[in-house]
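The values are calculated or read from the model by the stated rules, or taken from the named source; none is laboratory data. Here the structure is a predicted model, which is why all the values come from computation and not from measurement. Ideal geometry is used to build each Cβ from the backbone, glycine not excepted, and the neighbour counts take in all protein chains shown. Ligands, DNA and RNA are stripped out before the accessible areas are found, and what is left, the full protein with its side chains, is counted by its heavy atoms. Shrake-Rupley method; radii C 1.70, N 1.55, O 1.52, S 1.80 Å.
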Amino acid sequence: MQRYLPVLKRARLFSGVAEDEISAMLACLNARLRRYGRGAYVLREGEPLRDIPLVVEGSLHIQRDDYWGNRSILGQIGAGEMFGEAYAAPEGQPLLNDVVAVEDSAVLFFDVNRIFTTCPSACRFHAAVIRNLFFAVSEKNRTLVRKLSHMSQRSTREKLLSYLSEEAKRQGSARFSLPFNRQQLADFLSVNRSAMSSELGKMRDEGLLRFDRNRFELL
């Protein structure tokens with residue numbers, strides 16, 4: 001796991017914790033590393049979650065399929081990011097969504113009991129990890145609010161403009177890249193792919209934006 005220490009140092013969960021302290025805490029938190037190939041399910045809907053998972057390599061999609069196979073992408077999780085915090089509990093809470101590897105990925109699972117219980121060695125950064133977990137949950141809630149603001153728009157164009165505007169502001173530039181291909185973007189915004197592609201073409205012709213695959217520029 002030593003190769004992933006630089007990623008863990010950047011992770012919100014270990015904010016303010018020295019790299020050598022993180023290495024010592026991996027055993028304290030009963031960290032287990034698991035690898036997944038592209039397209040593999042990391043977690044499935046209905047499974048109980050008793051751990052805090054953190055991606056250390058690759059990326060994952062949190063998604064949900066309805067009875068007819070229509071897919072919605074609820075979020076993308078990259079290296080250094082956690083997921084499933086809202087479900088993690090000592091008794092385990094069943095997941096409402098699937099978590100799937102978008103590419104070859106590696107995930108560390110931390111025992112939630114170990115996180116909320118002071119370890120026998122009383123490592124001095126344990127309290128910081130608990131505090132960071134609380135702040136991470138707060139940040140995730142704000143992310144969900146932003147997604148809801150996109151979804152609340154009435155038309156496909158309004159949803160696209162809302163999301164693209166947010167990404168431009170988040171990345172600090174009118175030129176930016178999205179973490180989704182066309183189908184994934186349509187699934188994320190819960191719109192028809194053909195209708196979305198048509199709307200993007202119209203906005204390009206109207207001089208609102210330029211794009212090449214997942215690279216966009218707002219004009």
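The lone criterion from (1) open to solvent by less than 70 Å² (accessible area, probe 1.4 Å); (2) within 21 Å of SER138 (Cα to Cα); (3) hydrophobic (A, V, I, L, M, F, W, C) left unmet by ALA40 is number (2).
Looking at LEU54, LEU74, just one residue is outside any loop (DSSP other than H, G, I, E, B), open to solvent by less than 70 Å² (accessible area, probe 1.4 Å) and at pLDDT 90 or above, and that residue is LEU54.
In the condition set (1) crowded, with 21+ Cβ neighbours inside 10 Å; (2) without any contact (Cβ under 8 Å) to a residue 60 or more places away in the chain; (3) within 27 Å of SER177 (Cβ to Cβ), LEU49 is compliant with all but (3).
The residue pairs whose first member lies in region 1-20 and is over 18 Å from ASP111 (Cα atoms), whose second member is of a type in the set (Val, Ile, Thr) and part of a loop (DSSP other than H, G, I, E, B), and whose beta carbons are closer than 9 Å, counting only pairs six or more residues apart or on different chains, are LYS9/VAL17. LYS9 falls short on exactly one of the conditions (1) open to solvent by 20 Å² or more (accessible area, probe 1.4 Å); (2) farther than 15 Å from GLY58 by Cβ; (3) in a loop (DSSP other than H, G, I, E, B), and that condition is (3). In the set ALA186, ALA195, only one residue is open to solvent by less than 30 Å² (accessible area, probe 1.4 Å), free of Cβ contacts under 8 Å to residues at least 60 places away in the same chain, among the small types (Gly, Ala, Ser) and under 19 Å from SER72 (Cα atoms); that residue is ALA186. Taking ARG154 as the residue in question, decide whether it is exposed (fewer than 15 other Cβ atoms within 10 Å of the Cβ), among the basic types (Lys, Arg) and closer than 23 Å to ARG64 by Cβ. Yes; evaluated as a whole, the condition is true for this residue.
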